[in-house]
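S.K.: Sharing a structure here in structure tokens format.
Every number in this text was worked out from the coordinates using simple rules, so none of it is lab data. Not measured: the values here are computed from a predicted model. Using ideal geometry, Cβ is built from the backbone for each residue, glycine included, and neighbour counts are taken over all protein chains shown.
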Amino acid sequence: MGLLAEGINEVIATSDCNAAPMGIISRKGSLHMVLFRGSHTARNVARDRWVVANFIFDPVLYVRTAFDDLPPEDFVREEIDGLVVSRLRDVEAWAAFAADVERSSDEAIIVRLIPLKEEVLGLRLHPVNRGFASVVDATVHATRYVKNHDPWLGRLIEHHAGLIRKCGGPREWEALELLRDYMSAI
């Protein structure tokens, strides 16, 4: 299985008709995720023991799935050796994993991932875009900011907003506007 690189791979993870941006940690052949308690993803993965990594390069979708639920028609069911999983409809590639909770704390669960299947549907070249990367970073910071309003996180979001405006294109600018809407609504 070769879709994941060493380090933290940012994907949109799907569990039972739920989607959220997540990092899959790949270190020395071992795959893990850190899931925060209280999230739909943590509950579903702990219960169902599977997760799908969706490879998609739409900055708006990263923001939407961090703060909102997608409609059922955005998901596709896939069967892998009798196990039914859900992935996003419009992806370039996806990888399904068995998921076992290795450690647990009051704040998070650490899940070990075991590859089950991956499929490339329509891979395209994506040049490095600092605007897109900054959308991902600003979104991660914003998911924490809306819970504690830490001024340091606010400054990080503003830093990334400047990079999005400078380095991004129309889709990244739209994602930034959507991020600001979610932050002001919460």
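S.K.: Can you tell me which residue among E107, E158, E118 is of a type outside the set (K, R) and touching a Leu at 6+ places or on another chain (Cβ under 6 Å)?
M.R.: Numbers: E107 fails: touching a Leu at 6+ places or on another chain (Cβ under 6 Å); E158 fails: touching a Leu at 6+ places or on another chain (Cβ under 6 Å).
The conditions single out E118.
S.K.: In segment 76-99, what residues are among the acidic types (D, E), surrounded by 12 or more Cβ atoms within 10 Å (Cβ to Cβ) and in a strand (DSSP E or B)? Talk me through it step by step, then tell me what you get.
M.R.: Just the residues of segment 76-99 that are among the acidic types (D, E), to begin with: 78-79, 81, 90, 92.
Cutting the leftovers down to surrounded by 12 or more Cβ atoms within 10 Å (Cβ to Cβ) gives us 78, 90, 92.
Correct list: E78 only.
S.K.: Also, I was wondering about something else. How about segment 22-40: which of its residues are without any contact (Cβ under 8 Å) to a residue 60 or more places away in the chain and surrounded by 22 or more Cβ atoms within 10 Å (Cβ to Cβ)?
M.R.: Step one: filter segment 22-40 for residues without any contact (Cβ under 8 Å) to a residue 60 or more places away in the chain, giving 22-23, 25-29, 38-40.
Selection gives M22 alone.
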